[in-house]
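The values are calculated or read from the model by the stated rules, or taken from the named source; none is laboratory data. All values derive from a computational prediction rather than experimental measurement. Please note: Cβ atoms are built from the backbone with ideal geometry, for glycine as well, and neighbour counts cover all protein chains shown. These area figures cover heavy atoms from the full protein model, side chains too; ligands, DNA and RNA do not enter into them. Shrake-Rupley method; radii C 1.70, N 1.55, O 1.52, S 1.80 Å.
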Amino acid sequence: MGEKSTTKFIIYALGIFFLYFYFGILQEKITRGRYGDEVNEDGSRGERFTFALGLVGVQCIVNWAFAKAMLLVRPQKKDETHTGYYASSSLTYLLAMVSSNMALRWVPYPTQVVGKAAKPIPVMILAVLIGRKTYPLSRYLCVLTIVLGVVLFMFKDGKTSTGAEEHSGLGELLLFLSLAMDGLTGAIQERMRASSAPSAQQMMLSMNGWSSVMVGIALILSGEAVSFAQFTLKYPQLFWHLTSLALTGALGQLFIFFMVSGFGPLACSVVTTTRKFFTVLCSVIIFGNPLIQRQWIGACLVFAGLFADMLINKKPKTAPQSSKKPLLKEEHTSQ
């Protein structure tokens, strides 16, 4: 790697790290913070943000606009992907995002990050059951390590050491639903790549476009659109939080595109996985989400499994024609 390439790699890596780091801070601030100084019946101050559909809607619209701008700057051949693929993948993508954001009402941010890092589990299960794929033993061992780490991290021992609000496992259930939807999204995207091979920007444009329409309909039918708008107007600082969240997410995806095109998916996955680990660490420090020793061990096992799979099962450079794809490749259409 030459000096120029090294400089580019550092810039892209820092862009991904800091943009998604700030994205995580904003996401936790919005979903777990409080707005206003009104005293509630329980003695707490401020109102909680509970508009998961509105939050996801803002992200989808900004992501769609960002992808549209990228395609205008660098036009590509016509996307011939079947509409059904985009509609179905957009639905699962939307459900994954909504579930993940809703989970933050009941679980701290480190739990969400570690839970979402287990995305390879549903991807592998669906690939084996539906796609009838087979993987080498090393890959199964890596995923088993991730499973063990997640179990250790999520296991309830009767102590509320994370500082999360009392709940009956609803947050974890929403995370599992989000993971299942991620797995379905990945399976549909594999079908897309096999049939018409759309570019990442085209997938980002179409999936976020369909998701924007779907979430818009859901906002209107549920009545959340009015209450979401009223809440935003009541607390103007929320508008800037939402805008910053959407822009950092979209810019983060741009740096991911640069990293993948310039240095490949393996380098991108290493950077994004490292970023997630430090996001957990900073969430503990900044937002006071302490982890007990068992949870630290679980988190380390999860990220160790991710790194091991990326390094052991990476695609050989001598066989570019191989159809095998890294199981843990970062998806550019999902947060």
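Observations on the structure shown:
- Failed item, numbered, when LEU94 is tested on (1) open to solvent by 50 Å² or more (accessible area, probe 1.4 Å); (2) part of a helix (DSSP H, G or I): (1)
- Of all the residues in the stretch 129-175, those that are small (Gly, Ala, Ser), at pLDDT 75 or above and open to solvent by less than 30 Å² (accessible area, probe 1.4 Å) number 3.
- So GLY15, is it open to solvent by less than 40 Å² (accessible area, probe 1.4 Å), more than 21 Å from SER178 (Cβ to Cβ) and either in a helix (DSSP H, G or I) or in contact with a Gly (Cβ under 7 Å, 6 or more places away or on another chain) (or both): yes
- Filter pass, VAL226 being closer than 16 Å to LEU53 by Cα and open to solvent by 40 Å² or more (accessible area, probe 1.4 Å): yes
- Single match in LEU53, LEU126 (criterion: in a helix (DSSP H, G or I) and touching an Asp or Glu at 6+ places or on another chain (Cβ under 6 Å)): LEU53
- Residue count for the stretch 197-238, restricted to those that are in contact with a helix residue (DSSP H, G or I) (Cβ under 8 Å, 6 or more places away or on another chain) and outside any helix (DSSP H, G or I): 1
- Applying the condition of being at pLDDT below 80 and part of a helix (DSSP H, G or I) to the stretch 285-308 and asking which residue is surrounded by the most Cβ atoms within 10 Å (Cβ to Cβ) yields ILE286.
- Test: ILE256 is aliphatic (A, V, I, L, M), open to solvent by less than 20 Å² (accessible area, probe 1.4 Å) and within 26 Å of CYS142 (Cα to Cα): yes
- Taken over the stretch 56-76, the residue count meeting the criterion of being touching a helix residue (DSSP H, G or I) at 6+ places or on another chain (Cβ under 9 Å) and either in a loop (DSSP other than H, G, I, E, B) or within 15 Å of LEU219 (Cβ to Cβ) (or both) is 8.
- Residue under evaluation LYS8, criteria (1) closer than 26 Å to PRO236 by Cβ; (2) at pLDDT 85 or above, criterion not met: (1)
- Qualifying residue in the stretch 60-74 (condition: crowded, with 18+ Cβ neighbours inside 10 Å, among the aliphatic types (A, V, I, L, M) and out of contact with any Ser or Thr (no Cβ under 9 Å at 6 or more places or on another chain)): yes
- Of the residues examined, THR243 is not one that is surrounded by 19 or more Cβ atoms within 10 Å (Cβ to Cβ) and part of a helix (DSSP H, G or I).
- Selection status of SER178, within 15 Å of the chain's Cα centre (by Cα), among the small types (Gly, Ala, Ser) and crowded, with 21+ Cβ neighbours inside 10 Å: yes
- Restricting the stretch 26-46 to residues that are of a type outside the set (Lys, Arg) and modelled with pLDDT of 85 or more, the residue that is nearest to the chain's Cα centre (by Cα): GLN27
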